[in-house]
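Notes to accompany the following structure.
Read-outs: derived from the displayed coordinates by stated rules, not from any lab. These numbers come from a predicted model, not from an experiment. FYI the Cβ positions are ideal-geometry reconstructions off the backbone, even for glycines, and counts take in every protein chain you see.
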Amino acid sequence: MIRNLASSVGIVALSLVCSSTTPAQSTPAELQTALKDKPLFLRGMWAERKLTFAADGTLTQTYTQAPFTESGVNVRSVKQKKDRIEISCERVGLTFDAKGLMKRIALNGLKIEVIAPPGSDLTQAREHIFANDLSELYPQLPSYWRPYVKQHLLISDPQTPANPNAAKPPATVISQAPKHIGATVKPPVVISQVDPAFSPAARAEHFSGFVTIYLWVNEDGAPSHFQIAKPAGLGLDEQALAAVAQYKFRPATQDGKPVKVDLYIDVNFQMF
């Protein structure tokens with residue numbers, strides 16, 4: 001279902017605050033105390049059920065990336081195993097109800113190994129592997145998630161590290177901004193659409209949900225500038241976005257001429 005900007009999403013913001021200092025952890029027991037039963041996230045949002053890192057927290061191989069809403073983790077135990085640290089965890093998924101309230105649910109087991117001899121300082125590995133909360137994870141989030149997370153899930157603005165070598169974004173040109181549907185602006189028409197697939201995590205949990213995607217429809221009818229406006233979680237948001245990105249539109253018009261507009265598309269996932 002397509003809606004214009006008159007629609008609204010009711011969300012409750014969550015206070016997620018992290019400590020500015022991290023005490024050193026030189027033993028598995030100290031690392032377990034620092035991690036156990038904390039609502040953590042995998043900083044790299046890695047998808048695999050077994051992850052291996054060097055003592056400094058760098059990856060020993062390349063892993064695929066999971067959806068943001070499948071990157072939570074609960075640490076259960078930390079043990080020394082000869083030349084490596086074994087961290088037993090459970091992967092945690094995020095779900096959102098109709099009011100936008102976020103809930104963490106256990107998904108499956110996760111094993112993390114850090115190759116480090118006894119006596120190694122594990123502080124750096126911890127900081128590279130785990131994010132304490134969403135404010136720490138924010139810089140790694142895909143661009144389509146950041147507006148929602150910043151507006152609805154963070155109380156204060158996240159501190160993204162400055163990159164002096166990064167190219168400056170181009171100045172905003174007001175004439176390039178999309179128009180809003182209404183008055184003399186006639187909405188675009190969907191001429192081809194793709195049905196979204198359930199994410200494996202949502203299917204395994206028999207989880208249904210409702211996702212709203214914000215986007216622009218350009219003068220040629222191509223969709224762009226996607227954002228998650230209302231999430232469901234467990235990877236359904238990425239599935240909805242992937243489907244909407246394949247939509248084809250007859251462009252919006254104003255006085256008979258094609259114009260760029262913004263709108264919302266609702267994607268309903270129901271398991272029968």
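Values computed for the structure shown
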read-out: Extension gain, Ser26 back to Ala177 (0.36 nm per residue minus Cα-Cα distance, nm); value: 49.1 nm
read-out: Two-site FRET efficiency, Ala245 against Lys79, from Cβ-Cβ distance with R₀ of 51 Å, rounded to 0.05; value: 0.70
read-out: DSSP beta bridges in segment 28-132 [antiparallel fraction, %, rounded to 5]; value: 80
read-out: Cα gyration tensor, segment 16-86 - rounded (a/c under 1.5), prolate or oblate; value: oblate
read-out: For q = 0.21 Å⁻¹, Debye-computed log10 I/I(0) when each Cα of segment 28-132 counts as one equal scatterer; value: -1.07
read-out: Cβ charges +1 (Lys, Arg) and -1 (Asp, Glu), total dipole of segment 28-132, debye; value: 320
read-out: Calculated FRET efficiency for the pair Ile155/Gln193, C-beta based, R₀ 45 Å, to 0.05; value: 0.75
read-out: Karplus-derived 3J(HN,Hα), 6.51/-1.76/1.60, for each residue of segment 69-86, Hz, glycine and proline x; value: 7, 10, 9, x, 8, 10, 8, 9, 7, 10, 9, 7, 10, 6, 9, 8, 9, 10
